[in-house]
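As structure tokens, the structure follows; a few thoughts come after it.
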Amino acid sequence: MKPSTRNWLRRSRWEPASMVLIGLGLVMLMQPWSLDIYSYSFAVLLAGVAGYTVAGKLP
């Protein structure tokens, strides 16, 4: 791998981003104002969990 690719595929970058997605999905799930935001909350939460699972396998 090239050094720039190795730097891009680091757990230290992807785990915090995934945790932000999980938190955003939870906030979207619990808000009472918009049905549209609520309807996308599960997809955002699922993307965060899947990203966290994949990020756990990175170096």
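Would you confirm, using the coordinates I've provided, whether SER39 is at pLDDT below 90 and assigned to a helix (DSSP H, G or I)?
Numbers: at pLDDT below 90: no; assigned to a helix (DSSP H, G or I): yes.
No; evaluated as a whole, the condition is false for this residue.
Among the residues of the chain, write down those that are of a type in the set (A, V, I, L, M), without any contact (Cβ under 8 Å) to a residue 40 or more places away in the chain and open to solvent by 90 Å² or more (accessible area, probe 1.4 Å). Please lay out each step first, then the result.
Residues of the chain that are of a type in the set (A, V, I, L, M), as a first pass: 1, 9, 17, 19-22, 24, 26-30, 35, 37, 43-47, 49-50, 54-55, 58.
Among the residues that remain, those that are also without any contact (Cβ under 8 Å) to a residue 40 or more places away in the chain are: 1, 17, 19-22, 24, 26-30, 35, 37, 43-47, 49-50.
If the condition is that a residue be of a type in the set (A, V, I, L, M), without any contact (Cβ under 8 Å) to a residue 40 or more places away in the chain and open to solvent by 90 Å² or more (accessible area, probe 1.4 Å), then MET1, MET19, VAL20, VAL27, MET30, LEU35, LEU46 are the ones that fit.
The values are calculated or read from the model by the stated rules, or taken from the named source; none is laboratory data. Keep in mind the model is a prediction, meaning the values are calculated, not measured. Positions of Cβ are backbone-derived with ideal geometry, glycine not excepted, and every protein chain shown enters the neighbour counts. Accessible surface is based on the protein model in full, side chains and every heavy atom, while ligands, DNA and RNA are left aside. Shrake-Rupley method; radii C 1.70, N 1.55, O 1.52, S 1.80 Å.
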